[in-house]
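Laboratory data are not the source of any read-out in this text; all were calculated from the coordinates shown. Model, not experiment: these values are computed from the prediction. As a convention, Cβ positions derive from the backbone with ideal geometry for all residues, glycine included, and neighbour counts pool all protein chains shown.
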């Protein structure tokens, strides 16, 4: 079986072809122009992951929300579940860039961290 | 009257990088003027990741990318004023600006760096028919509502334009619970980065319809729906392809325009294709001592390139202030055969450095080559498996090569298939 993937590891957007055996084993990866592309294509076929960037509500800050991201990639299928967890949280200002806002979200081992400062009002 | 060696207009990624480089090159008297309440520019609302892959070798969010430079501005003790609007620059490099605490500022600069960024094309620039119901806004406006203010501007969304901001907002609105019904693109290709089409649309099953536009907006008070239609090769709607789509929000991501009011008012020569100033390799404009960099010069797709270009402008401004500017012997650059524009538009042969020429193509190409010619003779040829209008390209002219050229020569870059 063949799987065509557009690599998103960088802005190049290489078209990668992955040959899979009937049992889903990866036989070959072609079309990538770097090592990261090879790794991306393999992950995409076995356990697709995405990084998540969103906002968390803040109380008492100069803004109503502070931006945040997953410190690592999350399983693609869990993104909307993670959004529900993040949107249920309310953080007290001040928030500093890099603060862990939600540790180990949904048991993934990945923290949700602030990506900007939000000083208290 | 205040006096500074360099006044930088705009405290986004371009302005900060230019100021920092000028400081590094030995100029201490620098002032950054920023219209918003903080430094960082548009990066502050670009909370998605993907910034800095080229420059820092890691994937940062917009605010994180900005924060690295904001920290350096503080460390280097570069002066800046926020909530400050630059009103005018004069032909003697006096900058007029205004804010609530200082009132009117009159600043004599030796050099000025223009780093005002760009602005989104609004509905009025498209002449879309229909009612003036609320719920029609630029994608960047919606981005600010969601990411800075924490409000959702709508629940059922149609997006016109598949530029990066439109794609990013399709994902962002979906993550926050809105239903993005379709992204319509007038052109037969998307101007957005491939990875954004994959990660922002394909991942969420949002359809992208090419050669399609919005021809009518319906609703009293609030948008109730839009009519879309396919377009022919002349971008005219094809009768019979009209389709009504129910929605409460229409986001426009239909292009960016460099914000050059100050530039135009002082009479600096502009390039009709980029809508930015005509510059040399140090990004000096037709007005001595005035430099331009970042999105005010030409719209970039990656902030990393904005940073690099702005460092070049910062170095040029520092050279100008320190009296190290090389004597002028210019060759011109020109895009031909599918190359829409080249920045810089001219190169001083006496500067003694390699020069990177940035350019953009007008359509997509596969397995093409870039041909660089000097006075009609090919001097460089580079294979390109893929060329797209949304992705800025570059070639380097080595200084050894430049040494062989003569003033008033012409460099042409074209695509060959």
Requested in this report: Return the ratio Rg/(2.2 N^0.38 Å) for the stretch B:41-176, where Rg is computed over Cα atoms only.
Outcome: 1.32
Query raised in the report: Pick from B:59, B:309, B:281: which residue has the top mean-square fluctuation in a GNM of chain B where Cα pairs under 10 Å get a spring?
Result: B:59
Requested in this report: Working from Cα positions, state the angle (0 to 90°, nearest 10) between the long axis of helix A:35-46 and the longest principal axis of chain A.
Outcome: 90 degrees
**Report entry** Distance in nm between pseudo-label sites at residue B:327 and residue B:404 (7 Å out along the Cβ direction from Cα)
**Finding:** 2.4 nm
Query raised in the report: When only Cα pairs under 8 Å and 6 or more residues apart are kept, what is the percent relative contact order across the stretch B:328-417?
Result: 41 percent
**Report entry** Label-to-label distance, nm, for residues given as residue B:3 and residue B:54 (7 Å Cα→Cβ offset)
**Finding:** 3.9 nm
Report summary line: By the Cα gyration tensor axes a ≥ b ≥ c (a/c under 1.5 gives rounded; else a/b larger than b/c gives prolate, otherwise oblate), the shape of the stretch B:328-417 is prolate
Report summary line: Taking alpha-carbon centroids only, the stretch B:120-176 lies from the stretch B:311-371 a number of Å equal to 35 Å
Requested in this report: Using just the helices of chain A, give the 222 nm mean residue ellipticity in deg cm²/dmol: DSSP H runs with n ≥ 4 each add -39,500 (n - 2.57), and the total is spread over all residues, rounded to 500.
Outcome: -5000 deg cm²/dmol
Query raised in the report: What full-extension length gain, to one decimal in nm, is calculated for residue B:204 and residue B:336 as 0.36 nm per residue of separation minus the Cα-Cα distance?
Result: 43.6 nm
Report task. Can you tell me the relative contact order of chain A? Whole percent, Cα pairs under 8 Å, sequence separation 6 or more. Result -> 19 percent
Query raised in the report: Just from its helices, what would the mean residue ellipticity at 222 nm be for chain B, if runs of 4 or more DSSP H residues each count -39500 (n - 2.57) and the sum is divided by every residue, rounded to the nearest 500 deg cm²/dmol?
Result: -5000 deg cm²/dmol
Query raised in the report: Roughly how large, in nm² to one decimal, is the mean projection of the convex hull of the alpha-carbon atoms in the stretch A:2-46?
Result: 2.6 nm²
Query raised in the report: Pulled fully out, how much extra length does the chain show between residue B:363 and residue B:273, if you take 0.36 nm times their separation in residues and subtract their Cα-Cα distance?
Result: 30.9 nm
Query - Relative contact order of the stretch B:60-128, defined on C-alpha pairs under 8 angstrom at six or more residues apart (%) - result: 17 percent
Query - Prolate/oblate/rounded call for chain B, Cα gyration tensor, a/c under 1.5 rounded - result: oblate
**Report entry** Those residues of the stretch B:151-181 whose amide nitrogen sits under 15 Å from the label point placed on residue A:87, 7 Å along Cα→Cβ
**Finding:** B:151-157, B:170-180
**Report entry** Estimated Rh, the protein assembly as shown: Kirkwood, alpha-carbon pairs, angstrom
**Finding:** 24.8 Å
Query - Tilt relative to chain B, helix B:303-321 - C-alpha long axis, 0 to 90 degrees, to 10 - result: 30 degrees
Query raised in the report: When all alpha-carbon pairs of the stretch B:250-297 are counted, what percent fall beyond 11 Å?
Result: 68 percent
Query raised in the report: Of A:22, A:104, A:90, which has the largest mean-square fluctuation in a 10 Å C-alpha GNM of chain A?
Result: A:22
**Report entry** Ascending count of other beta-carbon atoms within 10 Å, so fewest first, for B:100, B:110, B:21, B:399
**Finding:** B:100, B:399, B:110, B:21
**Report entry** the stretch B:54-72 versus the stretch B:249-307: alpha-carbon centroid distance in Å
**Finding:** 22 Å
Query raised in the report: Per residue and in cubic angstrom, what volume does the convex hull of the Cα atoms of the stretch B:97-157 have?
Result: 176 Å³
**Report entry** DSSP-defined antiparallel bridges as percent of all bridges, the protein assembly as shown, nearest 5
**Finding:** 65 percent
Query raised in the report: How far is helix B:62-75 tilted, in degrees, relative to the longest principal axis of the Cα atoms in chain B, given as a value from 0 to 90 rounded to the nearest 10?
Result: 30 degrees
**Report entry** Footprinting exposure proxy for B:198, B:8, B:254 (fewest neighbouring C-beta atoms within 10 Å first)
**Finding:** B:198, B:254, B:8
Report task. Would you give the gap between the C-alpha center of the stretch B:375-417 and the C-alpha center of the stretch A:22-65, rounded to a whole Å? Result -> 36 Å
Query - Solvent-free Debye scattering, log10 I(q)/I(0), computed from the Cα coordinates of the stretch A:53-114 at q = 0.16, 0.23, 0.27 Å⁻¹ - result: -0.45, -0.89, -1.18
Query raised in the report: Where does each of A:82, B:293 land when they are ranked from fewest to most other beta-carbon atoms within 10 angstrom?
Result: A:82, B:293
Report summary line: Cα-based Rg and Dmax for the stretch B:122-254, in Å, come out at 13.6, 42
Report summary line: Each residue of B:150-163 has, on average, a number of other protein chain C-beta atoms within 10 Å of its C-beta equal to 1
Query - Reciprocal of mean inverse Cα separation for the stretch B:136-210 (Kirkwood radius, Å) - result: 12.1 Å
Query raised in the report: Most mobile of B:54, B:300, B:287 per a Gaussian network model of chain B (Cα springs, under 10 Å)?
Result: B:54
Query raised in the report: In whole Å and largest first, what semi-axes does the C-alpha gyration tensor of chain A yield when each eigenvalue is scaled by 5 and square-rooted?
Result: 37, 15, 10
